[in-house]
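The values are calculated or read from the model by the stated rules, or taken from the named source; none is laboratory data. In this text, all values refer to a predicted model and were calculated from it rather than measured experimentally. With ideal geometry, Cβ positions are generated from the backbone for all residues, glycine too; neighbour counts draw on all protein chains shown. Accessible surface areas use protein heavy atoms only, side chains included; no ligands, DNA or RNA. Shrake-Rupley method; radii C 1.70, N 1.55, O 1.52, S 1.80 Å.
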Amino acid sequence: GWLYGVALLPLAEVFAIEFTAPIWTAILATILLKEQLTRYRTASILIGFIGVLIILRPGLQIIQPAALVVLFATLCFSSTYVFIRFIISQCRLQSG
């Protein structure tokens, strides 16, 4: 998905969408792993999302399908972080 986006979108858009990975990771970890969403984590998610919006400037142009592909790829990439963390926590529970 990322390579598809690089071929069809400006690099600034691809990297801005890719940099949402930590945002999605924090959100997915909160939902799937029941991690606490602290005040600082919430603030960093909001600031990061505002930064991405500044770079992408939604509303000035139509969202291209390639951007949605990159966003989906970023969500998949973030989910790998969350699932790896889940697997590590399960291994620690079984071994100790």
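Residues checked against (1) out of contact with any Pro (no Cβ under 9 Å at 6 or more places or on another chain); (2) hydrophobic (A, V, I, L, M, F, W, C); (3) more than 21 Å from residue 28 (Cβ to Cβ):
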position: 40; (1), (2), (3): yes, no, no
position: 43; (1), (2), (3): yes, yes, no
position: 53; (1), (2), (3): yes, yes, no
position: 62; (1), (2), (3): yes, yes, yes
TODO: Have a look at 17, 45 and point out the one that is within 23 Å of residue 69 (Cα to Cα) and without any contact (Cβ under 8 Å) to a residue 40 or more places away in the chain.
DONE: 45
TODO: Just name the residue that is farthest from residue 53 (Cα to Cα) out of those in region 1-21 that are among the β-branched types (Val, Ile, Thr) and part of a helix (DSSP H, G or I).
DONE: 6
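In the list 95, 89, 44, which residue meets the criterion of being small (Gly, Ala, Ser), out of contact with any helix residue (DSSP H, G or I) (no Cβ under 7 Å at 6 or more places or on another chain) and open to solvent by 80 Å² or more (accessible area, probe 1.4 Å)?
On inspection, the qualifying residue turns out to be 95.
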- [ ] Just need a number here: residues in region 48-74 that are open to solvent by less than 60 Å² (accessible area, probe 1.4 Å) and in contact (Cβ under 8 Å) with a residue 40 or more places away in the chain.
- [x] 8
Open item on the list: Between 55, 63, which is closer than 13 Å to residue 9 by Cβ, assigned to a helix (DSSP H, G or I) and at pLDDT below 85?
Closed with: 55
Open item on the list: For the list (1) open to solvent by 80 Å² or more (accessible area, probe 1.4 Å); (2) within 13 Å of residue 66 (Cβ to Cβ), I need the number of the one condition that residue 5 fails.
Closed with: (1)
